[in-house]
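Student: What follows is a single structure, and I will ask about it in a moment.
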């Protein structure tokens, strides 16, 4: 493999990392509060507002039902309005973020619903406000679950980021298609796949390590 | 609770009712016409079966539930009508401990005890000092940095108690706090609660389904059944003179009140013809609890008695006993008169041939 190709692989890897990192950060900024709201706004819950819960839930489901490749194409006008173009890494961040938000929101919602309701009751009995219960109890106790959920989201976004390569994005997916597939260079294809595997492994291991650091509950398999 | 006025009570329920919307719009009454006053510094135990409404009653004191009728006041505040800001202020004066502890798994002992102080917006240096005091108070020295998963059940409940005391409340609510603990640990936790009650003058309202808990620490008690208080008063009085069948069935487990099966099956309401025995429950209370009254009955009156069941117990510092005896029915009245003359309580349960 020529030095030029190795340079291309390096550049594509950085582009992928950039797209994934940006969409993870943006997806979390919007998805985390959305997930918290979904987990606490059903009738009788902390932020009880059943209508808003229903409407947002429907929007989340609708976005998650659209296949990612269709989503990318369908929101091209939005992408152009935000970034000014529909081609390149910055443009790819728009659909990636849009896919990440509802996905992360659902993962956060699940993690928060796992928190024992007894803790909410205890916090209410201490005179906590709903906001204090959310920040000091729910999100804090759900950190191991949220960390694992975000790991899952990042892994999915690595896959999605390769997909945007097919429609004008850059990064490893784009490289794999243009060189590996269209120019029939199996070594490039192989290199792209290996890099993706390594990335996913790394993300998974780091995510699990962080989740374990947060998790102070009794180990589940001890004593068996 | 012995007083009839709400004015000087730490906790008072006045004709409190709670209705829930049941399936199909039916109203389910969880509590009906509950009136109960708990004096400052008392330990009041509410005993009832699951579903009797005791949990709803307890949760009204700190506004986790609101009454649908009547008034609940705690340290002078009307809880049922407080808005959410006032309610949060009231809750800082009312600590609560739970059956399953409800500790945050992600916080250490220190962090858990600090939580109510953080919520109240206390400065960090005052929180540190207060938490250190509390850890010593409940006997958790050396465990400050542990997580709940690393503690035993008894230690977890001590953290729960320290957390409940953090904001220096006037009232402590205990929701089956010892029901998940083994008997030995239960004793140590109850002792801690009694110490706190004595040292801090804290009023404690506890709910339980175990009569032994009430017997060991409650100065007053109430029995709840089907959403109504069926009997209430000083614990000693209720233990020695229970009137309601529910109270008796709870007492049966701890005081030898229950008839042994071999007698219960043969018991007749009326004295049959011919020779028979009268079955009497004798309650020894106070100073008489340790007197050898049955021996005296035999010596002085020549009436032999047959002991069927019995136990001597302590309610707080007072010993009292229950004996089930049978005597010749012809001399039953005489025997009862003798025993009552000597300060014992008797009750005819029935007759056996």
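The numbers here are math on the coordinates, done by the rules we state, and not lab data. On a predicted model such as this, the values are computed, not experimentally measured, just so you know. Don't worry about glycine lacking a Cβ; one is built from the backbone with ideal geometry, like all the others, and counts go over all protein chains shown.
Student: Enter the Cα centre distance for the pair segment A:174-196 and segment B:157-179, rounded to the nearest angstrom.
Tutor: After rounding, the separation between the Cα centres reads 64 Å.
Student: What is the antiparallel percent of DSSP beta bridges lying wholly in the protein assembly as shown, to the nearest 5?
Tutor: For the protein assembly as shown, the DSSP antiparallel bridge percentage is about 70.
Student: When a/c is below 1.5 the answer is rounded, else prolate if a/b is larger than b/c, else oblate, so apply that to segment B:251-353 with a ≥ b ≥ c taken from the square roots of the Cα gyration tensor eigenvalues.
Tutor: The shape class here is oblate.
Student: In nanometres, what is the gap between the two model label sites at residue A:135 and residue A:68, each 7 Å from Cα along Cα-to-Cβ?
Tutor: Distance between label points: 3.4 nm.
Student: Applying 1/(1 + (r/R0)^6) with R0 = 30 Å to the Cβ-Cβ distance of residue B:122 and residue B:248, what FRET efficiency is obtained, to the nearest 0.05?
Tutor: Efficiency, rounded to the nearest 0.05: 0.05.
Student: How much FRET efficiency would the formula 1/(1 + (r/R0)^6) give for residue A:78 and residue B:149, where r is the Cβ-Cβ distance and R0 is 45 Å, rounded to 0.05?
Tutor: 0.45
Student: So, by mean Cβ neighbours within 10 angstrom, what's the order for B:214-220, B:262-268, B:302-308, B:316-322 with the highest one leading?
Tutor: Put in order of decreasing packing, that is B:214-220, B:316-322, B:302-308, B:262-268.
Student: Next question, about the same structure. Would you mind telling me which residue in B:252, B:227, B:63 has the biggest mean-square fluctuation in a Gaussian network model of chain B, where springs connect alpha carbons within a distance under 10 angstrom?
Tutor: In the Gaussian network model the winner is B:252.
Student: Figure the gain on full extension for residue A:201 and residue A:110 (residue separation times 0.36 nm, minus the Cα-Cα span) and round it to one decimal in nm.
Tutor: Result: 30.4 nm gained on full extension.
Student: Could you please rank A:79, A:16, placing first whichever residue has the fewest other Cβ atoms within 10 Å of its Cβ?
Tutor: A:79, A:16
Student: Label-point separation (nm) for residue B:20 and residue B:84, each offset 7 Å from Cα along Cα-to-Cβ?
Tutor: My value for the distance between the label points is 2.3 nm.
Student: Turning to a different aspect of this structure: Could you identify which residue out of B:294, B:173, B:134 has the top mean-square fluctuation in a GNM of chain B using Cα springs shorter than 10 Å?
Tutor: Looking only at B:294, B:173, B:134, the biggest GNM fluctuation is shown by B:294.
Student: Then there is this: To the nearest 0.05, how large is the calculated FRET efficiency for residue A:190 and residue A:21 if R₀ is 25 Å and r is the Cβ-Cβ distance?
Tutor: After rounding, the FRET efficiency stands at 0.50.
Student: On full extension of the chain, what length is gained from residue A:85 through residue A:29, given 0.36 nm per residue of separation minus the C-alpha to C-alpha distance?
Tutor: 17.8 nm
Student: Determine, for A:154, A:72, B:348, A:194, the number of other Cβ atoms within 10 Å of each Cβ, and report the residues in order from fewest to most.
Tutor: A:194, B:348, A:154, A:72
Student: Sort B:244, B:37 by Cβ crowding within 10 Å, fewest neighbours at the top.
Tutor: B:244, B:37
Student: Given springs between every Cα pair under 10 Å in a Gaussian network model of chain B, which of B:121, B:80, B:17 has the largest fluctuation?
Tutor: Looking only at B:121, B:80, B:17, the largest GNM fluctuation is found for B:121.
Student: Here is a further query. Quick check on chain A: take the gyration tensor over C-alpha atoms, sort the square-rooted eigenvalues as a ≥ b ≥ c, and tell me if it's rounded (a/c under 1.5), prolate or oblate.
Tutor: Since a/c reaches 1.5 but b/c is at least a/b, the shape of chain A is classed as oblate.
Student: How would you classify the protein assembly as shown from its alpha-carbon gyration tensor, with a ≥ b ≥ c the square roots of the eigenvalues: rounded for a/c under 1.5, else prolate if a/b is greater than b/c, otherwise oblate?
Tutor: Prolate, because a/c is 1.5 or more and a/b exceeds b/c.
Student: While we're here: Run the helix sum for the protein assembly as shown: -39,500 (n - 2.57) per DSSP H stretch of 4+ residues, divided by residue count, reported at 222 nm to the nearest 500 deg cm²/dmol.
Tutor: Dividing the helical sum by the residues of the protein assembly as shown leaves -15000 deg cm²/dmol.
Student: What is the distance, in nm, between label points placed 7 Å from the Cα along the Cα-to-Cβ direction at residue B:212 and at residue B:49?
Tutor: Those two pseudo-labels are separated by 2.1 nm.
Student: Calculate the length of the line joining the C-alpha centroid of segment B:18-50 to that of segment B:264-310, in whole Å.
Tutor: Comparing the Cα centres of segment B:18-50 and segment B:264-310, I get a distance of 39 Å.
Student: Moving on to the next point. Based on alpha-carbon centroids, what's the gap between segment B:111-144 and segment B:326-346 in Å, whole number please?
Tutor: That distance is 59 Å.
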